[in-house]
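So the structure is just underneath, and the comments pick up after that.
The values are calculated or read from the model by the stated rules, or taken from the named source; none is laboratory data. Here the structure is a predicted model, which is why all the values come from computation and not from measurement. FYI the Cβ positions are ideal-geometry reconstructions off the backbone, even for glycines, and counts take in every protein chain you see.
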Amino acid sequence: MQTELCHRLGLTIPLFAFTRSREVVVAVSRAGGMGVLGVIATDTETLSADLDWIDANIDGKPYGVDVVIPAKHIGGAGGMGNPDDLQKMLPEAHRDFVNGLLERYDVPPLPAEVTTHEALKAWTDAASREQVELALRHPIKLIANALGPPPADIIERCHNQGVLVAALIGSGRHATKQVAAGVDIIVAQGTEAGGHCGEISTFVLVPEVVDAVGDNGAVLAAGGIGSGRQMAAALALGAQGVWTGSIWLTAAESDTAQVLKEKLLTAGSRDTIRSRAISGKPARQLKTAWSEAWESTETPDALPMPLQFMLTAEAVARLHHSAHQGVDNPLLTSPVGQIVGRMNEIRPAAEIVAEMVAECEATLARLGKL
Ligand SMILES: Cc1cc2nc3c(=O)[nH]c(=O)nc-3n(C[C@H](O)[C@H](O)[C@H](O)COP(=O)(O)O)c2cc1C
């Protein structure tokens, strides 16, 4: 099952796992795939500790780090580096709307020691560069960027250190641009995916991107993948592997709050919505009172990125904090894809990997006999 990209990265299976949990990173990499740590909401101190922990536990297996380096800034490149300046740009009507929601649903404030300030900083160019510099001091094999190609100097820094660069895209026309910018791995992410996504389904997007990229890069399929049959289908479409996100939210090791895990376990594949409510860009998330409130015609329009994220970050942090105290607030949501309908059981990440690999092998063998 090893593809050329597996050989380049030292993987035994073509499975990439985006996750915010260092435990899942280690479990997937130790099982032969590649764990990729999402660091958008992580302050520098925690990131440093997490990377040290991964290095100590991963048995030298390859892993990656996923950052969000915004390609465009409000006010020009680097012009709005300061989260305090961004905060001042939030319209009063929007603040009042969010505060009203929190009041209506009785969401407790954060305790004094918990702050969202560091998380907000991660959306600025300077802070995400700091994260990349820190990550490059560890034996990572991959840097992925969520929104557009990373800046040229960062791609060069990575390549000089033998680190491959991946970028997520949701439409075929972005693929050639990314390759021209020096991106090595294009993650073709269909609309089924959790988090930011376009409108094209994985089944249509992947062959489109594979053909556009040709021999100039590797393509991974993402969006709606949670089983070995889907993995085999992605390989059949020409992808060199699969990039997964949602399925790790309900892994035993994941630090998703138990009440949220339970919400995800009972949700069906129709229970997600592509909405601008969290970040200002369309992102697939669990349908809850939060997304419903933002869909209402009386609600102010979502703000452009990164302002919407700045506006909602504290509310989201409050909801997740109370979820960790066991409160299942009707507003509580999470980015998650349509594969949520098949996430019905809490299982260790290694078991999820083993089952996907076994089913993929069996599927490839079955197809070979046709
Ligand atoms: C909870 C959650 C958070 C995500 N956050 C990010 C992120 O910060 N950066 C990123 O590149 N992708 C992010 N994604 C998208 C994943 O990297 C991945 O492309 C997507 O989950 C794949 O589709 P799937 O959810 O159907 O597996 C996120 C996805 C989820 C479910």
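Per-structure values
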item: Single residue of the stretch 184-229 satisfying the filter (within 18 Å of the chain's Cα centre (by Cα), within 22 Å of ILE154 (Cβ to Cβ) and among the aliphatic types (A, V, I, L, M)) that is nearest to the ligand (Cβ to nearest atom); result: ALA222
item: Members of the stretch 43-59 that are part of a loop (DSSP other than H, G, I, E, B) and either within 16 Å of VAL165 (Cα to Cα) or touching a strand residue (DSSP E or B) at 6+ places or on another chain (Cβ under 9 Å) (or both); result: ILE58
item: Filter result (assigned to a helix (DSSP H, G or I) and either of a type outside the set (Asp, Glu) or within 14 Å of VAL210 (Cα to Cα) (or both)) within the stretch 148-162; result: ALA152, ILE154, ILE155, ARG157, CYS158, HIS159, ASN160
item: Residues of the stretch 14-42 that turn out to be at pLDDT 95 or above, crowded, with 21+ Cβ neighbours inside 10 Å, within 16 Å of the ligand (Cβ to nearest atom) and in a loop (DSSP other than H, G, I, E, B), as a count; result: 3
item: Subset of the stretch 269-321 [small (Gly, Ala, Ser) and in contact with a helix residue (DSSP H, G or I) (Cβ under 7 Å, 6 or more places away or on another chain)]; result: SER269, SER275, ALA277, SER279, GLY280, ALA293, ALA302, ALA313, ALA315
item: Conditions (1) within 14 Å of the ligand (Cβ to nearest atom); (2) surrounded by fewer than 20 Cβ atoms within 10 Å (Cβ to Cβ): number failed by ALA349; result: (2)
item: Some residue of the stretch 243-253 being touching a strand residue (DSSP E or B) at 6+ places or on another chain (Cβ under 7 Å), under 26 Å from GLY32 (Cα atoms) and surrounded by fewer than 22 Cβ atoms within 10 Å (Cβ to Cβ); result: yes
item: Residue count for the stretch 87-118, restricted to those that are within 15 Å of ALA315 (Cβ to Cβ) and either surrounded by 14 or more Cβ atoms within 10 Å (Cβ to Cβ) or in contact with a His (Cβ under 7 Å, 6 or more places away or on another chain) (or both); result: 12
item: VAL165 vs. criteria within 15 Å of the ligand (Cβ to nearest atom), farther than 26 Å from ALA302 by Cα, in a loop (DSSP other than H, G, I, E, B) and free of Cβ contacts under 8 Å to residues at least 40 places away in the same chain; result: no
item: Scan of the stretch 47-71 for residues that are of a type in the set (Gly, Ala, Ser) and on the phi < 0 side of the Ramachandran plot, ordered by number; result: SER48, ALA49, ALA56, GLY64, ALA71
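One line per residue, one yes/no per condition, for (1) more than 30 Å from CYS6 (Cα to Cα); (2) part of a loop (DSSP other than H, G, I, E, B); (3) at pLDDT below 95:
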{"site": "ALA71", "(1), (2), (3)": "no, yes, yes"}
{"site": "GLY76", "(1), (2), (3)": "yes, yes, yes"}
{"site": "VAL107", "(1), (2), (3)": "yes, yes, no"}
{"site": "ALA112", "(1), (2), (3)": "yes, yes, yes"}
{"site": "ARG129", "(1), (2), (3)": "no, no, yes"}
{"site": "ILE140", "(1), (2), (3)": "no, yes, no"}
